[in-house]
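Trainee: Structure provided below as structure tokens; questions to follow.
Values quoted throughout were computed directly from the atomic coordinates according to the rules given, and no laboratory measurement underlies them. This one's a predicted model, so the numbers in the text were calculated from it and none came from an experiment. A quick note on method: Cβ atoms are made from the backbone with ideal geometry, for glycine too, and the neighbour counts reach across all protein chains shown.
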Amino acid sequence: MTLTHADVEEILRLLDSAGAELLVEEGSFRLEVRRSGEGLQASRPGFSQVVDDRQAKPDASSLESISTGAPAPSHDSTGDIEIEAPMTGTFFRASAPQEPPFIEEGDFVETGTPLCLIEVMKLFTTVEAPRAGTVVRILAENAAVVQAGEPLFAIRPEDTPRTR
């Protein structure tokens with residue numbers, strides 16, 4: 001497998017906002033990327049190099065994103081939390097085409113409940129609910145390409161479940 005410098009930069013760009021890990025092994029080539037402050041490592045037999053992860057010091061608004069691997073939520077004019085795409089990729093509401101969606105509008109979700117998957121280059125990232133609440137809107141279409149920062153869901157924060 002041959003990765004160019006541009007390939008590696010694109011992988012890092014895609015993982016940058018996800019706080020995710022990636023491991024690629026092909027023959028004697030191994031690329032391991034951790035976007036949580038531990039640094040990056042690429043290795044081959046007889047070769048090992050640790051690379052600065054170039055992650056800027058977080059500001060307060062991005063701390064939740066870094067600690068949970070999910071984007072920090074924003075609030076719309078109604079007070080609902082908008083869950084944004086952590087990266088550009090394909091939005092999937094279910095884990096497989098024959099499976100039911102993770103959630104529907106009106107569902108109550110707990111913190112950490114899987115909401116959807118974002119697929120980039122065959123790498124799937126699970127987007128989870130940042131806090132408990134009721135899903136009031138699903139803003140993206142299944143199997144559509146979404147852009148980083150694009151709103152995917154609106155959740156009304158709540159402490160107790162609501163019935164449909």
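Trainee: Would you please give the residues with an amide H less than 5 Å from that of GLU84, counting only those at least 5 places away or on a separate chain, with H modeled from the backbone geometry?
Mentor: SER74, LEU152
Trainee: Please give the FRET efficiency for THR4 paired with GLU110, using the beta carbon to beta carbon distance and R0 = 35 Å, rounded to the nearest 0.05.
Mentor: Values: r = 42 Å, r/R0 = 1.21.
The calculated FRET efficiency here is 0.25.
Trainee: Fewest first, what order do LEU14, LEU139 take by the number of other Cβ atoms within 10 Å? Provide the component values of the computation, followed by the final result.
Mentor: On the way: LEU14 23, LEU139 15.
Ordered from fewest to most neighbouring Cβ atoms within 10 Å, LEU14, LEU139 come out as LEU139, LEU14.
Trainee: What is the fewest-to-most order of THR4, THR113 by other Cβ atoms lying within 10 Å of their Cβ?
Mentor: Numbers: THR4 8, THR113 18.
Arranged by neighbour count, lowest to highest, THR4, THR113 become THR4, THR113.
Trainee: Sum up the charges of everything whose Cβ sits under 14 Å from the Cβ of ALA94, counting Lys and Arg as +1 and Asp and Glu as -1, but leave ALA94 out. Please report the intermediate quantities before stating the final value.
Mentor: On the way: positive: ARG93; negative: GLU99, GLU104, ASP107, GLU119, GLU141.
Once positives and negatives cancel, what remains is -4.
Trainee: HN-Hα J couplings of the stretch 150-157 from phi, Karplus 6.51/-1.76/1.60, θ = phi - 60°, integer Hz, Gly and Pro as x?
Mentor: Once θ is set to phi - 60°, the couplings for the stretch 150-157 become 6, x, 10, 9, 10, 10, 8, x Hz.
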